[in-house]
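Engineer: Got a structure for you, written out below as structure tokens; questions coming shortly.
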Amino acid sequence: MGEELKASHIIVNSEEEARDILQQLKDGAIFEELAVEFSQDPSAKRNQGDLGWFTWGTMVDNFQKAAFSMQPGEISAPVKTELGYHIIKVTDRRDI
């Protein structure tokens, strides 16, 4: 694929917790604040869940399938991977 995405994520251990976080986002919570508070990704405390730019093939399969199907500004439903349950927010995409 000739494009790359800029995205953030919140990763938790259970689908129930992911759904609760998604509801908080729908109710107006700020993604970055929830990433710092809840994400199991140790880097989230310093980067607020920001994964930076990435291309196809650099993320686990279910994660990249979900992320590359989204447009900037969209937030995903919980996405299960071998690492846990992700809530993904795509912030930008560009051709490379």
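Engineer: Please enumerate the residues belonging to region 65-96 that are over 21 Å from E17 (Cα atoms) and not in a strand (DSSP E or B).
Structural biologist: Within region 65-96, K65, F68, S69, M70, Q71, P72, G73, I96 qualify.
Engineer: Sticking with this one: Any idea which of Q64, Q48 is over 26 Å from G2 (Cα atoms) and either of a type in the set (S, T, N, Q) or open to solvent by 30 Å² or more (accessible area, probe 1.4 Å) (or both)?
Structural biologist: Q48
Engineer: What number of residues in region 41-59 are within 12 Å of the chain's Cα centre (by Cα), in a loop (DSSP other than H, G, I, E, B) and on the phi < 0 side of the Ramachandran plot?
Structural biologist: Matching residues across region 41-59 total 2.
Engineer: Just one of I88, I10, I75, I30 is open to solvent by 60 Å² or more (accessible area, probe 1.4 Å) and within 10 Å of the chain's Cα centre (by Cα); which is it?
Structural biologist: I75
The values are calculated or read from the model by the stated rules, or taken from the named source; none is laboratory data. Predicted model, so just to flag it, every value in this text is computed and none were measured. Each accessible area value is taken on the protein alone, full model and side chains, heavy atoms only, with ligands, DNA and RNA left out. Shrake-Rupley method; radii C 1.70, N 1.55, O 1.52, S 1.80 Å.
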